[in-house]
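The values are calculated or read from the model by the stated rules, or taken from the named source; none is laboratory data. Quantities reported herein were computed from a predicted structural model and do not represent experimental measurements. We place every Cβ from the backbone using ideal geometry, glycine too, and count neighbours over all the protein chains shown.
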Amino acid sequence: MTYREIDALVIGGGQAGLSAAYHLRGYGVPFELLDHGDGPGGAWRQRWDSLVLGRTHRIHDLPGLPFGTPDPELPASVAVPAYFDRYERAFALPVRRPVDVTAVRRGPDDRLLVDTSAGAYAARAVVNATGTWERPFWPWYPGRETFRGRQLHTADYRSAAEFAGRHVVVVGGGASATQLLAEISQVATTTWVTRRPPEFREGPFTEELGRSVVAEVDRRVRAGLPPGSVVSATGLVPTPAVRAAMARGVLHRYPMFRRITPTGVEWADGRAVAADVILWCTGFRPALDHLAPLGLRAPSGGIRVVDTRVVAEPRLFLVGYGPSASTIGANRAGRLAARGVRDLVRPATPVGS
């Protein structure tokens, strides 16, 4: 196989990948950005129809080009991809899509070998920005395969209208679960199930709280632990829609069921609920299967990362992982990774220049 030699590859065209690309361009490091999607926007292209800008977490500006103040009623799946498209064109970023990356391996001559659907590369450094959307987490419960209704994940959700008149079991204790439950409960009957009692947070999300959450996640990834859930540290934010659902009595939480039956779910005490749909709002895991040949996992299941650099493979940088798995964290991570790549491929460049 013929490998094309290149200084750096960025894998993933979401916010973290674009931030890294911007800074690599600024540092003068030759690179290409490989994106799985067939257009700009990353995972935002897949968001459900009712997620408008006014209901999202804050969309932070990418470096060098403000997002602006678009209509808060615009669907995020339209507005954010349009911004990313404008960003790619404004800085003439070398993006190739759609490209699937199948494997990253150690190669000769101090390079990482990257196998893709568009050919093979031998890169001196790789910035991985593949996020989590491509890897929804489906927990297993006894009888799941016997259910005769519909099962779907947050990643598959588009609109509450398709559940009108049905009974929907919503599984999960995160923000997406409460948001979708608030929507669906307006057209269907619902049952909400979580592993732990939900904790709703009152008051503003302060910078101090944000820093403490990021610091805890950073501590975990430095130790090689799985990053963990942000909601477990911050609590749930009761948006106006969620408060309205509370007032309707919708957010009555039940503990996890014992098993799934062909017609619904059943608890250990024998209580059962008939259901037409089970919606798994059970989160996502980092989409890192293509990195498996590198053997990066620590015994505890995570990947040790310090300032975006993988400890077990210093030529690899993870952005959008752990403390950078947020819109504001992604920007900082992109800058850190690009600086690390620059210092790796151009060691004579003074640090901090």
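Some points to look at:
- Looking at Pro262, Pro286, Pro299, just one residue is out of contact with any strand residue (DSSP E or B) (no Cβ under 7 Å at 6 or more places or on another chain) and modelled with pLDDT of 95 or more, and that residue is Pro262.
- Test: Pro108 is surrounded by fewer than 19 Cβ atoms within 10 Å (Cβ to Cβ), in contact with a helix residue (DSSP H, G or I) (Cβ under 6 Å, 6 or more places away or on another chain) and without any contact (Cβ under 8 Å) to a residue 24 or more places away in the chain: no
- In the stretch 271-299, the qualifying residues are those that are in a loop (DSSP other than H, G, I, E, B) and in contact with a helix residue (DSSP H, G or I) (Cβ under 9 Å, 6 or more places away or on another chain), and the one that is farthest from Leu180 (Cα to Cα) is Pro286.
The rows are residues; the columns are (1) modelled with pLDDT of 95 or more; (2) under 24 Å from Asn331 (Cβ atoms); (3) assigned to a strand (DSSP E or B).
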| residue | (1), (2), (3) |
| --- | --- |
| Gly54 | no, yes, no |
| His60 | no, yes, no |
| Phe67 | no, yes, no |
| Ala92 | yes, yes, no |
| Arg105 | yes, no, yes |
| Asp115 | yes, no, yes |
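- In the stretch 149-170, the count of residues that are aromatic (Phe, Trp, Tyr) and closer than 30 Å to Ala103 by Cα is one or more.
- Contact map, the stretch 74-103: first residue over 23 Å from Pro63 (Cβ atoms), second residue hydroxyl-bearing (Ser, Thr, Tyr) and surrounded by fewer than 17 Cβ atoms within 10 Å (Cβ to Cβ), Cβ cut-off under 7 Å, separation 6 or more or different chains; pairs are Val99/Ser117; Asp100/Ser117.
- Considering residues of the stretch 31-48 that are closer than 14 Å to Ala155 by Cβ and charged (D, E, K, R) only, the residue surrounded by the fewest Cβ atoms within 10 Å (Cβ to Cβ): Arg45
- Checking each residue in the stretch 265-301 for being surrounded by 15 or more Cβ atoms within 10 Å (Cβ to Cβ) and on the phi > 0 side of the Ramachandran plot picks out only Gly283.
- Residue check, Ala268 outside the structural domain of Ala129 (by TED's automatic domain parsing) and either in contact with a Gly (Cβ under 7 Å, 6 or more places away or on another chain) or under 19 Å from Ile184 (Cβ atoms) (or both): no
- Scope the stretch 119-134; condition closer than 29 Å to Met1 by Cα and either surrounded by 17 or more Cβ atoms within 10 Å (Cβ to Cβ) or touching a Lys or Arg at 6+ places or on another chain (Cβ under 6 Å) (or both); matching residues: Tyr121, Ala122, Ala123, Arg124, Ala125, Val126, Val127, Asn128, Ala129, Thr130, Gly131, Glu134
- Members of the stretch 302-332 found to be modelled with pLDDT of 90 or more, surrounded by 22 or more Cβ atoms within 10 Å (Cβ to Cβ) and not polar (S, T, N, Q), listed by number: Ile303, Val305, Leu316, Phe317, Leu318, Val319
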